[in-house]
Structures are given as structure tokens and as C-alpha cells.
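A.B. asks: Below is one structure. I have some questions about it.
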Amino acid sequence: MPQSPGHATQPIVSRHVAVIGAGAAGLVTARELRREGHSVVVFERGDQVGGLWVYTPNVESDQIGLDPTRTTVHSSVYHSLRTNLPRDSMGFSDYPFVAKDDPDRDPRLFPGHREVMMYLQDFAREFGIDELVRLETEVVRVRFVEEEEKWKIKSKQRHKEMDEIFDAVVVCNGHYTQPLVSHVPGINKWSGKQMHSHNYRDPKPFQDQVVVLIGNSASAFDISRDLVGVAKEVHIAARTVKCETFGKQPAYDNLWLHPMIKNVCEDGSVHFQDGSFVIANIIIHCTGYKYHFPFLETNGFVIVDDNRVGPLYKHIFPPALAPWLSFVGIPFQVITFPMFELQSKWIAGVLSNRITLPSQEEMMEDVKALYSSLEASGTPKRETHALDDKQVKYNNWLADQCGCPAYEDWRMEMYYATIKGRLANLESYRDEWETQHLVLQAYDFIKPASNQTTSVPEI
Ligand code: FAD
């Protein structure tokens, strides 16, 4: 096995590792752990692998997601969803997400959700990960047994419960399932219906309705454009848009942008902060999600505070429980799959003793230094895991620890070109990609790594 920075002098060992979740993070984690020589069990409560990208028309029994006893649905994907990054930038380093010469596949540069699911399922098949996954098996409890210095996992498959012991646990359960809902004054008496974007699937149920969306995320944007064809009126209440864009939106007869909601009333009215109001049938909260680990018992060593999961060294290891507990996929505003790959390579190398972690105290100092710098820059706690511009440094740090090549420049060029395209034309950036040279550049890199039948993607 290759030596790397921070490499250990202890003998290389194989561990018995549980991975929770078989989305993109869990699948690549399982691959990296097995490559490193560990034995792996992946627990997946769904009936197929792919996580968030497995679309379902089903929605939750409480569509706003406040009732803890509701029936939950994992995926937040809506029918019309296309990726918000070019496919090439999203692929794993040695299994590129290329367009396939297959009429059943979506060749577009920004493909629909099914294509991403199929890519992940191909990946799982190609690397034999399927055989490590226990489908329809939900992890209901994870706790550290001090006497044995092991983790006990209780899982449930249909009505059968099982307890098992593992050396280490990697949490890959995703963080787009537990809705975050903003408080709207007067909402308890408001006569309309409410839901969270987590439960939005398609525009049909909104025929002739007056809909108010809260938020100006990618989801609020996509859903509003989905709705304009069928709803009577669509109103977006957004916090962070420039006020000159408020009002009726050009090119639409029935789409308005407003400042945030001031309050709502029993008569169905929704009042905005600029004094305008509408009588609405439904409010859709496009207000994001909470990190949620209902199965995890750590005696307070890991907590979620205002959407900060911590303390976590490099967003991965809780110092007091490292390396036996780790998380893949916590950072957001990133190109996700290649980051998951680097995070899991690091975890796998640390668990085998090939890579050494600093002491618990040093890791805590690093976490505290991060918190201090965020505080000094006025960054709220809930943005702790937002990397954006910091992702290259982060990924390169991980790559260096693992002894892998540095993070590829062309991925970030695609990332920034997409942001620029989005700002210039939110409506059509996916279909008017103007930086084809970046795709070709990606292809120069991808071709040698790929033995799949490929074609350059369609715009
Ligand atoms: P998930 O895909 O959510 O997988 C987690 C898995 O864990 C699920 O299969 C779930 O069933 C399982 N699980 C959860 N709890 C348990 C349990 N207790 N026991 C057993 N199994 C459990 N990223 C991009 O790169 N490009 C995009 O275009 C993009 N678009 C997005 C659009 C939307 C609407 C959203 C919400 C996110 C988008 N993302 C995008 C980010 C996306 O989250 C990541 O791409 C990635 O798919 C997340 O993978 P994951 O494995 O961390 O989580």
C-alpha cells in the first residue's frame, strides 16, 4: 500500500466497519474501505441504492415535516429535477460520469435525476458494492460499548431486529430529509395549506391555486418555474434578492417576487414586508434542511447546534470518538461526489493505521480554531459546513493526507463557470452552457480513466 503524509508506523490492520446509508457517500465509502482491506456492511433503509437520487412519487404523511411520528420519505427529488452542476464535474475520480451511448440514458450535460441514480447504481455494480449492501435495513440505534471498545448497531429489517458489533461506524445518511421550516407570524391561524419543498413532486396538484414559496434556493427557483404553467399565481418571498428585482417577473404572466413574509392571517392573506399582500391557497417552505442523526447515541460527544454538527475534525471525525466514528458528506456548497471520495479514502487509511490522526487535543484545537475564525468573520453557526471557495483547499488537504493526486482544476473551473452562467441566466444556464472547452478539457482527463462507452454530452 502507498505511504502517505502522516503515515503510521503501526502494523496495517483490517477493521469490521458499518456504513450507514447507500447514497453516493455510502457507496464510495464502502468501496474505499474495502480497497483498504476492511470488511464492510452497508445498511440501507431504502429498497435500492442511490440515496437522494432514487425518485419516488410518495410524500410524507405530515407534508411540512414537523410531526416526529410521521411516515418519512428519504428523497427530496422532484420530477423535473436536473443536476445543478455539469455531469463531468460530479463524477468520481476513476469512474467518470460520462454520457452513455444508450437510448435509455439521458445524455445531457445537466441530466435529469434518473441519470444520476443510474450512474450511482452502475458504480455500485462495477465495484461489487451491491453485495455489501443490506437493503430495506434501517439502523435504529448506534452506541459505543465502552467495555468492549466497539460499536453496537441495532438494525431493523421489516419486523426483524438485529444487534451487531463493529469496530467502526461511518455515517453517510444524507442531510436533505429533515425539513427546516421558518417561523411565519400568524401561521397557526392561517386557513391555507402548508408543505415543505421536501414533499413537492410535480405541479399537477397546484392547478389554479395561488401559491407562495418561501426562500430563494435552487429548489424555490425550479419549483416556481414548474408551477407557473398550472397555478393561477406564483409568489416567491425571498430574503436575499436585490429589491429592484421585486415585482412581476419579466416573461411571466403569473410570477411575482416579494420581500419576506411579515405575517399571515386567518382570512388566507399573506402579507409581505413591503406592505403588499395576496390571498393564497398554499405556502411551500423552500427553506432547507436539518442535519439529523436520530439513531446516534454519543453521550454528547457529537451534537447538532443550529445546524453545526460538532465537534468534528475536518468535518469528519469527532475528536473524542476518532477514528471509530466518522461522517462522510457533511460539507455543503461543494461538488459532492469527488469530495466524498477523498473523505472516505482518508477514513479508510486512518482505520487501517496507514495514516495517523493528530492527538485528540490537537484535533479539538483545530476545531476551536475553525469556530473562532468563523465567529471572527461573522459567519453564523449554521454555515459551519458551507465550503464553497474553501473546498479546493479542503480537498487538497485530504488528497495530501491520502497520498493521492491533487484535486483537478477543471472541476472547479466548471463549478465557477456554472455559478457565473446561473447568475447571468438562471432560466436557461443548463441549456446554454458556453464553456464547452471545459467539457473537452474534462474529457482529456476522463478518457484514460474510463473504459465505458462514452460520448461528449449534449447541451
Ligand atoms: P443521500 O443521497 O441522501 O443518501 C443517504 C442514504 O442513507 C439514503 O439512501 C437513505 O435511505 C440512507 N439512510 C438514511 N438513514 C438511514 C438509516 N437510519 N438506516 C439505513 N439507511 C439510512 N449534488 C450535486 O453534486 N449535484 C446536484 O445537481 C445536486 N442536486 C441536488 C438537488 C437537491 C434537491 C438536493 C436536496 C441535493 C442535491 N445535491 C446535488 C446534493 C446531494 O445531496 C448529493 O449529491 C448527494 O447525492 C448526497 O449523497 P449522500 O450519500 O450524502 O446522501
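The values are calculated or read from the model by the stated rules, or taken from the named source; none is laboratory data. Everything quoted here is computed from the prediction, not taken from an experiment. Cβ atoms come from the backbone with ideal geometry, glycine included; neighbour counts cover every protein chain shown. In case anyone asks, the SASA skips ligands and DNA or RNA and just uses the protein heavy atoms, side chains included. Shrake-Rupley method; radii C 1.70, N 1.55, O 1.52, S 1.80 Å.
A.B. asks: At what distance in angstrom do the alpha carbon centres of the stretch 424-441 and the stretch 38-91 lie from each other?
C.D. replies: 27
A.B. asks: Can I ask one more? Just order 197-210, 36-49 by mean Cβ neighbour count inside 10 Å, highest at the front, would you?
C.D. replies: Final packing ranking: 36-49, 197-210.
A.B. asks: Something else about it: Only Cα pairs under 8 Å and at least 6 apart count here; give the relative contact order of the stretch 189-309 as a rounded whole percent.
C.D. replies: It comes to 30 percent, rounded to a whole number.
A.B. asks: For the stretch 148-265, what Kirkwood radius comes out of the mean inverse Cα-Cα distance, in Å?
C.D. replies: When all Cα pairs of the stretch 148-265 are included, the Kirkwood radius is 17.6 Å.
A.B. asks: Something else now. Go through K314/K381; K290/K381; K189/K381; K262/K290; K381/K420; K290/K314 and tell me which ones have a Cα-Cα distance over 21 Å in this structure.
C.D. replies: K189/K381; K262/K290; K381/K420
A.B. asks: If you don't mind, another one. Estimate the FRET efficiency between I12 and K393 by the formula 1/(1 + (r/R0)^6), using the beta-carbon distance for r and 25 Å for R0, to the nearest 0.05.
C.D. replies: 0.30
A.B. asks: Calculate how steeply helix 360-376 sits against the longest principal axis of the alpha-carbon atoms of the chain, using the helix alpha-carbon long axis, and give the answer as 0 to 90 degrees to the nearest 10.
C.D. replies: With rounding to tens, the tilt is 20 degrees.
A.B. asks: Quickly rank 377-388, 79-90, 325-336 as a protection proxy: mean count of other C-beta atoms within 10 Å, highest first.
C.D. replies: Packing proxy ranking, top to bottom: 325-336, 79-90, 377-388.
A.B. asks: How large is the dipole of the stretch 181-229 about the Cα centre if only Lys and Arg carry +1 and Asp and Glu carry -1, each at its Cβ, rounded to the nearest 20 debye?
C.D. replies: I would put it at about 160 debye.
A.B. asks: Please give me the summed charge of the neighbours of E138: other residues whose Cβ is under 12 Å from its Cβ, Lys and Arg +1, Asp and Glu -1.
C.D. replies: Result for the neighbourhood of E138: +3.
A.B. asks: I'd like the accessible area for K368, computed on protein heavy atoms only with a 1.4 Å probe and all protein chains in place. Round to 10 Å², please.
C.D. replies: Taking all protein chains as shown, K368 has close to 100 Å².
A.B. asks: Still on this structure, please answer the following. Kindly rank 164-175, 433-444 from highest to lowest mean number of other beta carbons found within 10 Å of each residue.
C.D. replies: 164-175, 433-444
A.B. asks: Cα convex hull of the stretch 23-127: how many Å³ per residue?
C.D. replies: 130
A.B. asks: For the stretch 110-198, what % of the accessible area comes from carbon and sulfur atoms, probe 1.4 Å?
C.D. replies: Carbon and sulfur: 45 percent of the exposed surface of the stretch 110-198.
A.B. asks: Quote to one decimal, in nm, the extra length available between D101 and N425 on full extension: 0.36 nm per residue of separation minus the C-alpha distance between them.
C.D. replies: 113.7 nm
A.B. asks: Could you do me a favour and compute the accessible area per residue for the stretch 58-207, 1.4 Å probe, result in Å²?
C.D. replies: 47
A.B. asks: Here is a further query. Using Cα atoms only, what is the angle between the long axis of helix 218-227 and the major principal axis of the chain, expressed in degrees (0 to 90) to the nearest 10?
C.D. replies: 40
A.B. asks: Helix 409-424 against the longest principal axis of the chain: what's the angle in degrees, Cα atoms only, rounded to the nearest 10?
C.D. replies: 10
A.B. asks: Tabulate in residue order the Karplus-calculated ³J(HN,Hα) for the stretch 124-129, using 6.51 cos²θ - 1.76 cosθ + 1.60 with θ = phi - 60°, rounded to whole Hz; enter x for Gly and Pro.
C.D. replies: Result, rounded to whole Hz: 4, 5, 4, 9, x, 6.
A.B. asks: In whole percent, what relative contact order does the chain give with Cα contacts below 8 Å and a gap of six or more residues?
C.D. replies: Across the chain, relative contact order equals 21 percent.
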